[in-house]
Amino acid sequence: MAFLELNGLRKSYGDHEVLRGIDLHIEQHQVVCLIGASGCGKSTLLRTINGLEEIQEGEIRLDDECVSGEGVDLDRLRTRIGIVFQSFNLFPHMTVLDNVTLGPRRVLGVSAREAEEFARKLLARVGLEAKADSYPDQLSGGQQQRVAIVRAVAMNTDVLLLDEITSALDPELVAEVLNIVKDLAADGLTILMATHEMNFARDVADSIAFLHEGRVLEQGPPEQIFGAPRAERTREFLSQIIAAGRL
């Protein structure tokens with residue numbers, strides 16, 4: 001039994017079927033990267049896992065507990081499965097510290113003092129302790145994305161979902177965000193990440209899942225997916241990536 005199991009997930013918008021029977025099993029402490037062309041279903045898949053989108057068919061299980069379908073406590077689910085988007089989604093009227101401590105205080109019932117102490121430790125770890133009293137518009141894009149990651153981690157989630165978190169950043173800011181993800185992976189956090197950063201996926205992921213037209217067409221360790229892909233569509237995708245100088 002895997003820690004996070006996605007079994008037969010289907011999701012449609014009207015007549016357009018976005019997820020066409022997704023099966024994906026993720027072990028605890030694994031880093032799994034979702035790759036594939038834009039529109040293949042990566043972002044929709046992450047949003048269904050976090051309960052932001054409903055599935056029409058299938059089941060999501062976390063630590064052998066069903067966390068999809070009717071009757072699921074979405075507030076509790078989102079304390080266990082955090083998500084960070086490509087747009088930072090920080091509250092602009094709140095300081096960095098308030099952004100990070102809001103969830104633990106309001107949702108988890110953590111005291112203000114305890115939440116602040118933990119938040120400051122996390123901010124120090126990502127090099128932003130001095131920015132605790134700043135507002136989001138006073139930060140660079142890379143700094144805002146690091147705060148968004150810290151905000152998710154501050155909830156002590158079991159799984160962290162990352163949805164193209166570097167795509168809105170200038171190239172020079174990408175590395176500083178990816179280094180944070182590397183550190184979290186080294187700590188053993190279970191991470192499912194949609195990304196176009198192929199070198200990062202190759203170096204950090206335990207497993208790569210290639211999505212095509214709403215299906216997991218191929219999954220395996222990085223050396224197999226990048227070195228000897230089995231599916232013709234995977235080979236075509238990676239050849240385009242290599243031709244573009246991104247791998």
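Just so you know, all these numbers are worked out from the coordinates, no wet-lab data involved. Every value quoted in this text rests on a predicted model; they were computed, and no experiment measured them. No Cβ is skipped: glycine too gets one built from the backbone with ideal geometry, and neighbour counts run over all protein chains shown.
Near residue 53, the amide H atoms lying under 5 Å from its own belong to 48; only residues 5 or more places off or on other chains count, and H is placed 1.01 Å from N. Couplings 3J(HN,Hα) of region 192-207, computed from phi: 10, 10, 8, 8, 9, 7, 5, 5, 4, 4, 5, 7, 10, 5, 7, 8 Hz, in residue order, whole Hz [Karplus 6.51 cos²θ - 1.76 cosθ + 1.60, θ = phi - 60°; x for Gly and Pro].
In the elastic network of the chain, a GNM with C-alpha springs shorter than 10 Å, the most mobile of 141, 39, 14 is 14.
Restricting to DSSP H runs of at least four residues, report the calculated mean residue ellipticity at 222 nm for the chain, -39500 (n - 2.57) per run over all residues, nearest 500 deg cm²/dmol.
Working: 9 runs with 94 residues, N = 247.
My calculation for the chain gives -11500 deg cm²/dmol from helical runs alone.
Tell me whether the chain comes out rounded, prolate or oblate; compute the Cα gyration tensor, take square roots of the eigenvalues as a ≥ b ≥ c, and use a/c under 1.5 as the rounded threshold.
Numbers: a/c = 1.92, a/b = 1.33, b/c = 1.44.
Oblate.
Rg of the Cα atoms in region 12-58, relative to 2.2 N^0.38 Å, amounts to 1.21. So for region 136-247: antiparallel DSSP bridges make up what percent, rounded to the nearest 5? Counting only bridges with both partners in region 136-247, antiparallel ones make up about 50 percent. If you restrict to DSSP beta bridges whose two residues both lie in region 4-243, what percentage is antiparallel, to the nearest 5? Antiparallel: roughly 55 percent of the beta bridges in region 4-243. 3J(HN,Hα) along region 211-225: 9, 8, 6, x, 10, 7, 6, 7, 9, x, x, x, 5, 7, 5 Hz, from the Karplus curve 6.51 cos²θ - 1.76 cosθ + 1.60 with θ = phi - 60°, whole Hz, x for Gly and Pro.
Taking 130, 119, 205 in turn, the Gaussian network model of the chain (Cα-Cα springs below 10 Å) assigns the largest fluctuation to 130. Counting only whole DSSP H helices of the chain, there are none at least 24 Å long by C-alpha along their axis and with mean Kyte-Doolittle hydropathy no lower than 0.5.
Between 142, 21, 109, the Gaussian network model of the chain with springs among Cα atoms under 10 angstrom shows the greatest mean-square fluctuation at 109.
Which trypsin sites (Lys or Arg not before Pro) from region 213-243 combine a DSSP loop assignment with at most 15 other Cβ atoms within 10 Å? It would help to have the intermediate numbers written out before the result.
Values: sites: 215, 230, 233, 235; in loops: 230.
Hits after loop and neighbour filter: 230.
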